[in-house]
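Structure first, commentary second.
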Amino acid sequence: MVQYDSTASAGSSSGSSSCSATKPFPDIDSLLAGAGYKVRSSELRQVAQRLERLENVMVNSPAEISQLASDTVHYNPSDLASWVDSLLSEFNHPISLPSDLPDFPDLIAGPAVNQAVVNNIVSDSHFTPQQDISQQQQQLMVVSSMEEDSGIRLVHILMTCAESVQRGDLALAGSLIEDMKALLIRVNTTCGIGKVAGYFIDALNLRILGVGASVCASAYENEILYHHFYEACPYLKFAHFTANQAILEAFDGHDCVHVVDFNLMHGLQWPALIQALALRPGGPPLLRLTGIGPPSPDGRDSLREIGMRLAELARSVNIRFAFRGVAASRLEDVKPWMLQVRPKEALAVNSIMQLHKLLGSDPTRNSPVEMVLGWIRSLNPKIMTVVEQEANHNQPEFLDRFTTALYYYSTMFDSLEACPLQPEKALAEIYIQREIYNVVCCEGSARVERHEPLAEWRGRLSEAGFRALHLGSNAFRQASMLLTLFSAEGYCVEENEGCLTLGWHNRPLIAASAWQAAPDTIMNH
């Protein structure tokens, strides 16, 4: 049996503003002079370019480096420019300077940024004439240090730019965008802070231009990206496995069970549950699945197609199965009568990274999240499984939200570096990039990625009349076994007061929890 319903869509709004300023750092020359260097800040651009040239020569001419290291010539690097020129002359290579590199020292960031740049130059480049050439070569790590400094500068200028956006100084913000684009030339943008900074620079630029909402993925594109995000890293698999184990245990002893899935997508979560129910001692139950998803843009009934595939799987393992599709542009448009919950069936409500989309409140009407949690509670589910991003991207102040997002997604991208799969990894990064754009670019009803941490959800669900269920040891073992499928050692599962979190190097990134309507708050329906 395959059924289908459709509902409409609406919106909400919110906003933010504040004010702060940062002063430029004025006196690089005196610091360099005080450290004994014969160079002015205005010459640092040429010095940096010569160092870049020297690095290229050293990489491409290893034989000549070996010969150079055997010489006994000594140099005085206190005069940075002539010192680098002297080393370059040993290779008999002309100095060819690129014309498109930006000026090195001209920053509009704060003192901490410029101080870090100066400190690295001073600490990594200070020699005495008596040091031998091998020591000088070790000190040429100044080039990598300068790239590291550029990454630090990017983060500081990103924060300054976000401050400017928050207080409405879009002219300064636009100027800082151009400075950061030039600085990206000096860092590796294929991984690490260079890649993350590039995404956040783009997001800020789109916000300044006022076109951020236009780059959000369509429902169809989002489904494709979701699938590749699922394949590339363990976050969605962890969510599905953990929720399925809790649902399976809640259904124990029931002959008629019903799962309401708030985000069916490709139905990726349910084959594992269907197979587990088929192997249940005493025989499988009758399984009803209601899948909620957006209307198909091309006129296809994609929910029905997914339901048909799941029905075929259920038939192959001898499970009685019924599917119902409910098409809705927004979760808050779903009404409980559309789900056709029956009195004697055990009900499970499954929300994988969906409840945060209800947090965009409109003061002219009831809170969407309170409304939805209210009718879920009225259905008295045997269990409600909730997985959400372990982050706070719903703060009212733009700068706070931006800062939290920058560190959260830096960790997320770091974990993705462990993925060996292509094109899954590249498309998974686009999936995360779209989240960043929504967090940074959008406001009001257009901003749906309003993530909040587990502590906030505990309070909100308790106030809505739910009590927490302990995710058992089986769920923890399954989640831990799942990570063995991934070669990276950085992923970690932790238990948190009956809930489970999955993170990267002790930084939780998503949290799974299970809930049940508290007995004294169950409403008649």
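Accessible surface of the range 440-480, 1.4 Å probe: 50 percent of it comes from carbon and sulfur atoms. Using a/c under 1.5 as the rounded threshold, could you call the range 407-513 rounded, prolate or oblate? The axes a ≥ b ≥ c are square roots of the C-alpha gyration tensor eigenvalues, and prolate needs a/b larger than b/c, oblate otherwise. It is oblate, given that a/c is not under 1.5 and a/b is not larger than b/c. Comparing 446, 481, 459 along the charge dipole axis of the range 445-490, the residue lying farthest to the positive side is 459, per the Cβ-charge model.
Amide H to amide H distances under 5 Å link residue 469 with 514, 515, 516, where only residues 5 or more positions off or on other chains count and H is placed in the peptide plane.
Normalised by 2.2 N^0.38 Å, where N is the number of residues, the alpha-carbon radius of gyration of the range 338-484 equals 1.20.
Between amide H atoms placed 1.01 Å from N, distances below 5 Å from residue 260 occur with 290, 348, 349, 350, all of them 5 or more places distant or on a separate chain.
Structure note, pairs 237/425; 335/357; 357/425; 195/357: Cα-Cα distances above 20 angstrom occur for 357/425; 195/357.
Evaluating 6.51 cos²θ - 1.76 cosθ + 1.60 at θ = phi - 60° for every residue in the range 297-306, the Karplus couplings come out as x, 9, x, 6, 8, 5, 4, 5, 4, 5 Hz, glycine and proline recorded as x.
Divided by 2.2 N^0.38 Å, where N counts the residues, the Cα radius of gyration of the range 183-314 comes to 1.43. Near residue 278, once Lys and Arg are set to +1 and Asp and Glu to -1 for all other residues with Cβ below 12 Å from its Cβ, the sum equals +3.
Close amide H pairs (under 5 Å, H built 1.01 Å from N) link residue 510 with 390, 502, residues at least 5 positions away or on another chain.
The values are calculated or read from the model by the stated rules, or taken from the named source; none is laboratory data. Note that the structure is predicted; figures quoted are calculated from it, not measured. Note: ideal-geometry Cβ built from the backbone for every residue, glycine included; neighbour counts use all protein chains shown. Accessible surface is based on the protein model in full, side chains and every heavy atom, while ligands, DNA and RNA are left aside. Shrake-Rupley method; radii C 1.70, N 1.55, O 1.52, S 1.80 Å.
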